[in-house]
1. Please go through the stretch 64-76 and give me each residue that is surrounded by 14 or more Cβ atoms within 10 Å (Cβ to Cβ) and of a type outside the set (Lys, Arg), ordered by number.
2. Across the stretch 1-45, what is the total count of residues that are exposed (fewer than 12 other Cβ atoms within 10 Å of the Cβ) and in contact with an Asp or Glu (Cβ under 8 Å, 6 or more places away or on another chain)?
3. Tell me which residues, restricted to the stretch 42-76, are outside any helix (DSSP H, G or I) and touching a residue at least 12 places away in the same chain (Cβ under 8 Å).
4. Filter the stretch 14-41 down to residues that are in a helix (DSSP H, G or I), more than 23 Å from Lys66 (Cα to Cα) and either modelled with pLDDT of 95 or more or out of contact with any Gly (no Cβ under 9 Å at 6 or more places or on another chain) (or both), then give me how many there are.
Amino acid sequence: MMISMYRASVPSLVRSLNNLVAILEKGAAHAEARKIDPTILINSRLYPDMFPLVRQVQIASDIAKKGAARLAGLGGNRRFVQPGATMQ
């Protein structure tokens, strides 16, 4: 039986984003219960060389958005290099 790329990937992406929403809601409830400013948690890092939570959430949503766009043939926000430009 053949499985489409959509069925192989999009449900997993949706499940991951729903799990992320649940985790963020728990964090918001914790911050409210402990009277912690939510921006402190949003801008926190678990380890110094990690991105802050807000950036990690952005990366997770970008992966889902751009991956689904590519599967749909939309290309998903490509970056083009100008002729003569060098890669760094």
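1. As a first pass, look at the stretch 64-76 and keep what is surrounded by 14 or more Cβ atoms within 10 Å (Cβ to Cβ): 64-71, 76.
The answer is Ala64, Gly67, Ala68, Ala69, Leu71, Gly76.
2. Within the stretch 1-45, residues that are exposed (fewer than 12 other Cβ atoms within 10 Å of the Cβ) and in contact with an Asp or Glu (Cβ under 8 Å, 6 or more places away or on another chain) number 0.
3. The first filter runs over the stretch 42-76 and keeps only residues outside any helix (DSSP H, G or I), leaving 43-52, 72-76.
Across the stretch 42-76, there are no qualifying residues.
4. Kept after step one, since they are in a helix (DSSP H, G or I), are these residues of the stretch 14-41: 14-33, 38-41.
Within this subset, residues satisfying the condition of being more than 23 Å from Lys66 (Cα to Cα) are 25-33, 38-41.
This time we only want the ones that are either modelled with pLDDT of 95 or more or out of contact with any Gly (no Cβ under 9 Å at 6 or more places or on another chain) (or both), so: 25-33, 39-40.
Count: 11.
The values are calculated or read from the model by the stated rules, or taken from the named source; none is laboratory data. Please read all numbers here as calculations on a predicted model, not as lab measurements. Note that each Cβ is placed from the backbone with ideal geometry, even for glycine, and that neighbours are counted across all protein chains shown.
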